[in-house]
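Asker: Please read through the structure below; I'll follow up with questions.
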Amino acid sequence: MITIKLAFKDILHDKMRALSLFFFIFVITITLVLSTNVLGTVESNMQNSIRDCFTGDVIIRSGESTKGEIYSWNIDAVNEVKIKGDDAKKQISVLNDLYSKGDVSGRIRYNGMVSMHLKSEMAMFIGLDANYNAYKESLQLIEGNYLSANEGNGILMTKAIAEALGAKVGETLVVDATAEDGKVISKELKVIGIAEMNSLSFFNIPIIYLNLDDAEKLFGYGKGELTDIVITPNKGGSAQTQINKITDKFNSQDINESTYTIQKGRELSGYIMDFVTIFSLMFIALIVILFIIIGILVINLIVMIGIQRKTDIGVMKAIGFSKRKIAVIYFCGIMLVSILALLCATLVSFIILSILSNVGITNITGLMRNIFGQNFYPSIKFGNTFTVLITAVVVLGIFSYVPCRKIANLNPVDAFKEN
């Protein structure tokens, strides 16, 4: 208790230096907490977009499928192995007993050529079940409408493929598909909507969504045949928990393991998730740099304290204070100011984030729109914030204690001689 009182008196002895330390750590901490939560929200949005628009939380494919990614940088004509109609029907029936309506969706995914205005582009076609609405959470309409069960031969396309073809809502385009027997099928489809993927526009992913029935006819699939069964529950635990539950249920219903392949959707997102990982590593590098800056500041501050307070340190040693005691007094003073700055900055950051999460940052344009989306609502990531704060305290403690020990080694006789 006496040590804390002496540390507090030392803070009051040089208020300007204490305020300088407080202000610097306050500003750095606000930067860290805000960036941690903003970038954490962006990462979550990217993962949610991948889940909603591509993979779901869990994806079931044919037992003959390879466990590779379902989207790569270059879309080619290689297409997915089909789930047979009877197998798909039985699997979906069992899954509907486990999940709510709309959580389970059959899909047909096909890579094909699309032509319009004398331009041709490869695109990924995704035939969606009429009851599946999760994709709307991460696909923001630019113009037109989402898919409707009543809109036959209508398609919803991403901004990337729309711009590549110069497509507008209301126009028709030609799709060329190759059936299983090798026959080329050409069909005209009407553009009913154009949308962009939340936080994924940067990747320029060319996707065309259409109703499952239309996809079945267009790509020559038999009745009930699918490429994927996607599970996107609103709640129910991790993807691995879902896989274990589904596998147990399938086994109890005598569904042969050779008829399906089940994976976490996250594993199939290809280079997109690799980018998210790189994004996270870049953010960690930024935090490390900021922590190093904080450490250098603290060391310089303590060195200055040692220079200015030589006489005081000499007096304390002359009247019997040990080196350890003196080091702890200065260390506690630095940490009291630092922790107070950390707490105040975190509180202010949370207030700012709470306001932004309700008001949002809307109508974002330019490059920032590709990362944050048209409208961005940052959320508070308590886990990330706690990690940053604990790391900050540890870094400040390490960078503070060592120089405090150094100035405590001052010889009192030398201190008095200099004065």
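Read-outs throughout are calculated quantities, based only on the coordinates presented, and are distinct from any laboratory measurement. Computed from a predicted model, the values in this text were never measured in an experiment. Positions of Cβ are backbone-derived with ideal geometry, glycine not excepted, and every protein chain shown enters the neighbour counts.
Asker: Tell me which trypsin sites (Lys or Arg not before Pro) from segment 230-269 have a DSSP coil assignment and no more than 15 other beta carbons within 10 Å of their own. Please list the in-between numbers first.
Answerer: Values: sites: 235, 245, 249, 264, 266; in loops: 235.
Sites meeting the loop and neighbour criteria: 235.
Asker: Once you have all Cα-Cα distances for segment 58-232, histogram them in 10 Å bins from zero and send the whole-percent values.
Answerer: Going out from 0 Å in 10 Å bins, segment 58-232 shows 10, 39, 38, 12, 1 percent.
Asker: Something else now. Gain in length, residue 343 to residue 213, computed as 0.36 nm per residue apart minus the alpha-carbon separation, to one decimal in nm?
Answerer: 41.1 nm
Asker: Let me check I've understood the local charge: for residue 165, count other residues with C-beta under 13 angstrom from its C-beta, Lys and Arg +1, Asp and Glu -1. What total comes out? Write down the numbers at each step before the final one.
Answerer: On the way: positive: 119, 159, 168; negative: 121, 163, 171.
Here the charged neighbours net out to 0.
Asker: Now, a different point. Given R₀ = 51 Å, what would the calculated FRET efficiency be for residue 94 paired with residue 393, taking r from the Cβ atoms and rounding to 0.05? List each step's numbers first, then the result.
Answerer: On the way: r = 50 Å, r/R0 = 0.99.
Efficiency computed from Cβ-Cβ geometry: 0.50.
Asker: Counting other Cβ atoms within 10 Å, keep those with at most 13, restrict to DSSP loop, and tell me which trypsin sites (Lys or Arg not before Pro) in segment 78-142 are left.
Answerer: Here the trypsin sites (Lys or Arg not before Pro) that fit, given the DSSP loop and packing criteria, are 101.
Asker: Order these by the 10 Å Cβ neighbour count, fewest first: 92, 302.
Answerer: With the fewest neighbours first, 92, 302 line up as 92, 302.
Asker: If contacts are Cα pairs under 8 angstrom and at least 6 residues apart, what is the relative contact order of segment 58-232 in percent?
Answerer: Result for segment 58-232 is 33 percent.
Asker: Please figure out what share of the DSSP beta bridges in segment 78-218 is antiparallel and state it in percent, rounded to the nearest 5.
Answerer: 75 percent
Asker: Please report the spacing between the Cα centers of segment 117-181 and segment 83-97 in Å, no decimals.
Answerer: Value for the Cα centre distance between the two parts: 26 Å.
Asker: Between residue 136 and residue 119, what is the label-to-label distance in nm when each label sits 7 Å out along the Cα-to-Cβ direction?
Answerer: About 2.9 nm, to one decimal.
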